[in-house]
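Following: one structure in structure tokens, then a few remarks.
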Amino acid sequence: MFEVPQWLTLGAGAMAFFLGLVSVFCSVMVYVDTKREFWSMWKTLGRFVGSSLVGAFAVLSFSELVSVGTVSAWLSVGMLVSILFKAVVEASLILPAREDAWSFSKKSGMIQLYSLRKTLSIRWAAFAVAAVAAMFATLVPALGALILPAVILGELLERCIFFQAVVTLKMPGELSRIQAH
């Protein structure tokens, strides 16, 4: 039987990680290129990187729970840090709703707080369930089983918010810009 050298396995893992980062960046650029304020570079990059981190730690926690029967402290801490990062990014998109001056960011924040209130509430509740489960999964391993479903639910709801809270200025295709040239 042929045995793969360890350096080759590590190289393949590094290449997969690098390609994953490139893929996330390319996905970000699809939205950034629309020039919509809600989908600006740092806002979108923060959300996509946050989703990647939260998702990775949720899958690793689930895998460890299934294979070993517990969730390690380092995975719990990683999960909490990634949830905190993602929560800060998402909260920064809601805060402009409190500003006095009108802006596209304010309108997107208000859409989230009013029109999407129920979706946003369930999304943040899913954050809370995943965070609490991660905090106590080392003590009560059964709680670790809540992490992945809570993250999946929360991220699906976050995608709904991502697409519904953006302020659209014109019809797709921007005919006025094409006619100006």
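Can you find a residue in the range 129-141 that is within 19 Å of TRP42 (Cβ to Cβ), part of a loop (DSSP other than H, G, I, E, B) and either small (Gly, Ala, Ser) or touching a residue at least 60 places away in the same chain (Cβ under 8 Å) (or both)? Within the range 129-141, not a single residue is within 19 Å of TRP42 (Cβ to Cβ), part of a loop (DSSP other than H, G, I, E, B) and either small (Gly, Ala, Ser) or touching a residue at least 60 places away in the same chain (Cβ under 8 Å) (or both).
Between a residue in the range 69-98 that is over 14 Å from TRP124 (Cα atoms) and any residue that is open to solvent by 30 Å² or more (accessible area, probe 1.4 Å) and not in a helix (DSSP H, G or I), which pairs come within a Cβ distance under 8 Å, given they are 6 or more apart or on different chains? If the second residue must be open to solvent by 30 Å² or more (accessible area, probe 1.4 Å) and not in a helix (DSSP H, G or I), the pairs left are THR70/THR138; VAL71/THR138; SER72/THR138; ALA73/THR138; SER76/THR138; PRO96/SER103. For the range 110-121, taking the residues that are in contact (Cβ under 8 Å) with a residue 40 or more places away in the chain and part of a helix (DSSP H, G or I), the one that is most open to solvent (accessible area, probe 1.4 Å) is identified as SER115.
Within the range 49-63, the set of residues being open to solvent by 40 Å² or more (accessible area, probe 1.4 Å) and either over 22 Å from ALA128 (Cβ atoms) or among the small types (Gly, Ala, Ser) (or both) comprises SER52, ALA56, SER63.
When TRP74, TRP102, TRP124 are checked against the criterion of being surrounded by fewer than 18 Cβ atoms within 10 Å (Cβ to Cβ) and not in a helix (DSSP H, G or I), a single residue qualifies: TRP102.
If you go through the range 142-164 one residue at a time, do you hit one that is open to solvent by 70 Å² or more (accessible area, probe 1.4 Å) and modelled with pLDDT under 95? Talk me through it step by step, then tell me what you get.
Quick first cut of the range 142-164, residues open to solvent by 70 Å² or more (accessible area, probe 1.4 Å) only: 142, 146, 149, 152-153, 156, 159, 163-164.
Imposing the further condition that a residue be modelled with pLDDT under 95 reduces the set to 142.
Yes, that holds for at least one residue.
The values are calculated or read from the model by the stated rules, or taken from the named source; none is laboratory data. Predicted model only: the values in this text are computed from it and were never measured. Neighbour counts run over all protein chains shown; Cβ positions are idealised from the backbone, glycine included. To get the accessible areas, we keep the full protein, side chains included, count just its heavy atoms, and leave off ligands, DNA and RNA. Shrake-Rupley method; radii C 1.70, N 1.55, O 1.52, S 1.80 Å.
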